[in-house]
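Below: the structure, in structure tokens.
Just so you know, all these numbers are worked out from the coordinates, no wet-lab data involved. Bear in mind the structure is a predicted one, so any value in this text is a computation, not a measurement. Here the Cβ positions follow ideal geometry from the backbone for every residue, glycine too, while neighbour counts run over all protein chains shown.
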Amino acid sequence: MSKSNSSFKIPDPFIMTPDKVTEIVYKYLSENGFMVTRGSSNSDVDVRAKKNSYELIIESRGNQAYKNRGTDKVFDGSQIDIHLSEHITQIMRFQQIISSDCEPIFIMANPLIPRIVQKVEKYSKALDKLEIIRLWLDIDETLMVQCQEELQNKIANILCLNSLAKRL
């Protein structure tokens with residue numbers, strides 16, 4: 001159930017729909033030399049981006065439903081749990097069915113909202129084993145990556161990022 005952000009004891013610092021997350025990621029990758037495409041349906045990958053010998057497979061989520069855009073309504077804790085479960089399941093499904101002539105890198109993109117970060121952090125070891133990268137978007141559209149230590153430099157170089165988030 002959606003809840004007014006201002007009614008939380010600690011409100012989310014900002015609000016983003018999944019479309020806004022996708023839009024920011026698309027723009028960033030386009031500006032950094034990737035050939036980028038957006039999915040056209042809910043079952044498609046939100047963003048696919050190729051550069052050199054890599055293909056990024058990115059699935060986006062937010063803290064607000066599309067229907068509540070422009071309001072103060074955000075997902076409550078149980079909705080965040082459901083969306084996180086769906087998010088991880090969707091990426092695992094893509095890992096099973098997507099083939100590419102490039103090395104695929106699977107990424108879950110979310111706004112840098114403390115409630116979401118805390119919930120994702122509970123699964124960080126499993127996400128690392130599955131090689132699912134966490135891409136966090138801040139209110140100023142800064143991107144940060146969280147992943148297993150062995151992939152950090154590789155992902156930072158591919159994404160042209162200066163900041164990696166080990167613990168948020």
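Results, tabulated for the structure shown:
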{"quantity": "By average C-beta atoms within 10 angstrom, highest first, the peptides 113-119, 30-36", "calculated": "113-119, 30-36"}
{"quantity": "Cα Rg over Rh - the chain, Kirkwood", "calculated": "0.94"}
{"quantity": "Among A126, Y54, Y66 the positive-end extreme of the charge dipole of the range 2-159 (Cβ point charges)", "calculated": "Y66"}
{"quantity": "Karplus-derived HN-Hα couplings along the range 80-93 (A = 6.51, B = -1.76, C = 1.60, θ = phi - 60°), whole Hz, x at Gly and Pro", "calculated": "4, 4, 4, 5, 5, 4, 5, 4, 5, 4, 4, 5, 4, 4"}
{"quantity": "³J(HN,Hα), Karplus 6.51/-1.76/1.60, whole Hz, each residue of the range 19-24, x for Gly, Pro", "calculated": "4, 5, 4, 4, 4, 5"}
{"quantity": "Dipole-positive endmost among I88, P104, F75 within the range 1-134 (Cβ charges, Cα centre)", "calculated": "F75"}
{"quantity": "Tally of Lys pairs whose C-alpha atoms are under 20 Å apart, taken over the chain, 8 or more apart or cross-chain", "calculated": "21"}
{"quantity": "Phi-based couplings in Hz for the range 32-46 (Karplus 6.51, -1.76, 1.60; Gly and Pro marked x)", "calculated": "10, x, 8, 8, 10, 10, 10, x, 9, 9, 5, 8, 7, 5, 5"}
{"quantity": "GNM top mover of S53, S124, S41 - the chain, alpha-carbon springs below 10 Å", "calculated": "S41"}
{"quantity": "Unit charges on C-beta of K, R, D, E only; dipole of the range 2-159, Debye", "calculated": "380 debye"}
{"quantity": "Filtered GluC sites (Glu not before Pro), the range 63-168: DSSP coil and at most 13 other beta carbons within 10 Å", "calculated": "E141"}
